[in-house]
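The structure under discussion appears below in the form of structure tokens.
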Amino acid sequence: MSITTETAACLVLVTCANTAEAQKIATHIVTKKLAACVNLLGKDSPLQSVYWWEGQVQQASEILLMIKTRRDCLPLLEQEIRTLHSYQIFEFIAIPIQAGSQDYLSWVTQESSAT
């Protein structure tokens, strides 16, 4: 296996209110080629989130999307998610992928498009 450190790929984290919303967003962004792959974490056992909102500590069960895409897709990806997401302010955190399998990262780059 060959490891590369030359990558334009990134991992985007987005939490969703429920499985239906998460699946709708994941399917939409993969269909539009804004992401090569989306993993849904918490589908069968939701994640528990604790956060500050409206002046107090809140708790919620959520589904986490792990989106693999290219950095140049980020503006359009965020825009598309915004049209489908139920939250007023939704999590959208992009983490650059510093290194990884050359074959996998090439696939992510090839299957994601900002156009």
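The values are calculated or read from the model by the stated rules, or taken from the named source; none is laboratory data. Please read all numbers here as calculations on a predicted model, not as lab measurements. Glycine also receives a Cβ, built like all others from the backbone with ideal geometry; neighbour counts cover every protein chain displayed. Heavy atoms of the whole protein, side chains included, go into the accessibility calculation; ligands, DNA and RNA do not. Shrake-Rupley method; radii C 1.70, N 1.55, O 1.52, S 1.80 Å.
Helix screen, the chain: no DSSP H segment has Cα axial length of 30 Å or more and mean Kyte-Doolittle hydropathy at least 1.6. Annotation note: GluC sites (Glu not before Pro) in segment 13-81 located in DSSP loop regions with a Cβ neighbour count of at most 13 within 10 Å are Glu54. Estimated purely from DSSP H runs of n ≥ 4, each contributing -39500 (n - 2.57), the mean residue ellipticity at 222 nm for the chain is -9000 deg cm²/dmol once divided by its residues. When only the Cβ of Lys, Arg, Asp and Glu is charged (+1, +1, -1, -1), the dipole of the chain relative to its Cα centre reaches about 200 debye.
What the Cα atoms of the chain give is an Rg and a Dmax of 14.8, 50 Å.
Put simply, the amide H of Ser113, placed in the peptide plane, has neighbours under 5 Å in Leu34, Ala35, leaving out anything fewer than 5 places away on its chain. Solvent-accessible surface of the chain, averaged per residue with a 1.4 angstrom probe and all protein chains in place: 59 square angstrom. With K and R counted +1 and D and E -1, the other residues having a Cβ less than 15 Å from that of Pro46 yield a net charge of -3.
Tell me the carbon and sulfur percent of the accessible area for segment 13-79, rounded to whole percent, probe radius 1.4 Å. That fraction is 52 percent.
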